[in-house]
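The values are calculated or read from the model by the stated rules, or taken from the named source; none is laboratory data. Bear in mind that the values here come from a model prediction, so they are computed numbers and not experimental data. Glycine gets a Cβ as well: all are built from the backbone with ideal geometry, and neighbour counts include every protein chain shown. Surface accessibility is based on the protein's heavy atoms, side chains included, excluding ligands, DNA and RNA. Shrake-Rupley method; radii C 1.70, N 1.55, O 1.52, S 1.80 Å.
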Amino acid sequence: MPGAASVIARRGLILLVTFVLIVIVVSAIVEGTGYSKDIYEAMIREIVRGEVMALRRGGNITEEFIRQYVENRTLQLRIEFGLIDEHGNEIPPYRRMWNLVYRTLTFNFTSTDKVGVANVVPMPAPAPIMDIIAAVLPRTILIVTVGEVIVIILALLIGPRIAYRHGSLADRFVVAYAAIITAVPLWWLAMIFIQVFSYNLNWFPRDLRGVVSVLNNFWNDPLNNFIQLIWYISLPIIVFVIWSIGSWLYGLRAMLLRVIREDYVMAAKARGIPEKLITRRYILRVSLAPVITSVILALAGSIGGMIITESVFNWPGMGTLYYAAITEGDSQTLLALTVIYVGVYLAARFILEILYIIIDPRVRVR
């Protein structure tokens, strides 16, 4: 195991360096284009405006005091946000970039003053970006990640049997289904299901934003709210499973067909070994590494949500937050989402490196 530990440590270090380099590149782009400066200035104005409103409500305040307060507070905040130094000199973009790199690596993404971004939760603006992400991430997990898990389970149960019966009616059906369903945009399929099952049949809710109140008050009435939650998430999960299962079955089938044609599988069939045992011991076991790769990366990718599909369902998840940040020009939130997504992906890669070593000890010496 010392050899395995050194391999894991080396690859973990490579992934960590990769993460830092990505943060540096993204920070350079954000600061170099001037987006972050505009965001900081807008945030400062919003903070000062809110504090001035609180002062005016607090009692009799002279306009001269307000003017001095605004001037001093703005100067203080510009220093805190790294726009100017203590002597009032503007800090150049290349120095601000490193401040942004530090804040990003410490997950200090400050707040956003964009009302459209905060309304995804919803929260009053300005709102802490990490609080917004923490609120919408579980919602994406509820439909996209759960849907991905259901698809993976179904694919692992059905895929090997389809591949084992290569050329059968079921095999031809899977190939045809995969070809047809992957040609259909997911958002279009979602619109059809919403029209039929939400508007025409009234089986599911028309607007899924109501899930926010269900989640916020879940523990007040757990049983009833759980039923309500199932009602809200059922339609998007059904659509996602119908659309995704075709490509998963086809991909798994193609992956396993190469193994099934190997001589040792043919020999196992000739010896009369039961089909389930051949599938488990001779096919899935050999294909474990690529299957696990597909599963781990698919689950990691599901964290990012689906922008268009979530917008069609009006589902307040990560995809909707991405869309709101793009349309509002909120570079700080976009940076936070990008960094978190990259971090999740690299963490998934690190988990895969560990699993590869467990599955195939030959990896240790590479």
Flag if Ile233 is in contact with a helix residue (DSSP H, G or I) (Cβ under 6 Å, 6 or more places away or on another chain) and among the hydrophobic types (A, V, I, L, M, F, W, C): yes
Unmet criterion (only one of (1) in a helix (DSSP H, G or I); (2) β-branched (Val, Ile, Thr); (3) open to solvent by 30 Å² or more (accessible area, probe 1.4 Å)) for Val241: (3)
Verdict on Val312 being farther than 30 Å from Tyr102 by Cα, assigned to a helix (DSSP H, G or I) and touching a residue at least 40 places away in the same chain (Cβ under 8 Å): yes
Meets criteria (in a helix (DSSP H, G or I), closer than 30 Å to Gly159 by Cα and under 20 Å from the mean Cα position of the chain (by Cα)) for Ile233: yes
Residue within the range 204-222 that is modelled with pLDDT of 80 or more, basic (Lys, Arg) and not in a helix (DSSP H, G or I) present: yes
Which listed residue, of Asn200, Asn220, Asn216, Asn225, is over 25 Å from Trp248 (Cα atoms) and open to solvent by less than 30 Å² (accessible area, probe 1.4 Å): Asn225
Restricting the range 57-81 to residues that are at pLDDT below 80 and either part of a helix (DSSP H, G or I) or of a type outside the set (A, V, I, L, M) (or both), the residue that is nearest to Pro126 (Cα to Cα): Phe81
Some residue of the range 284-292 being of a type in the set (A, V, I, L, M, F, W, C) and over 20 Å from Val151 (Cα atoms): yes
Any chance Arg73 is open to solvent by less than 90 Å² (accessible area, probe 1.4 Å) and either closer than 25 Å to Thr327 by Cβ or in contact with an Asp or Glu (Cβ under 7 Å, 6 or more places away or on another chain) (or both): yes
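Matching residues to (1) part of a helix (DSSP H, G or I); (2) surrounded by fewer than 17 Cβ atoms within 10 Å (Cβ to Cβ); (3) touching a Cys at 6+ places or on another chain (Cβ under 6 Å); (4) modelled with pLDDT under 80:
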position	(1), (2), (3), (4)
Gly246	yes, no, no, no
Ala254	yes, yes, no, no
Val259	yes, no, no, yes
Val265	yes, no, no, yes
Ile273	no, yes, no, yes
Ile283	yes, no, no, yes
Ala289	yes, yes, no, yes
Identity of the residue in the range 173-196, aromatic (Phe, Trp, Tyr) and surrounded by fewer than 17 Cβ atoms within 10 Å (Cβ to Cβ), that ends up nearest to Ile242 (Cα to Cα): Tyr177
Failed item, numbered, when Trp98 is tested on (1) at pLDDT below 85; (2) within 23 Å of Leu208 (Cβ to Cβ); (3) open to solvent by 50 Å² or more (accessible area, probe 1.4 Å): (2)
The range 124-146: number of residues that are crowded, with 23+ Cβ neighbours inside 10 Å and not hydroxyl-bearing (Ser, Thr, Tyr): 6
Odd one out for Glu64, checked against (1) surrounded by 14 or more Cβ atoms within 10 Å (Cβ to Cβ); (2) over 30 Å from Gly251 (Cα atoms); (3) over 22 Å from the mean Cα position of the chain (by Cα): (1)
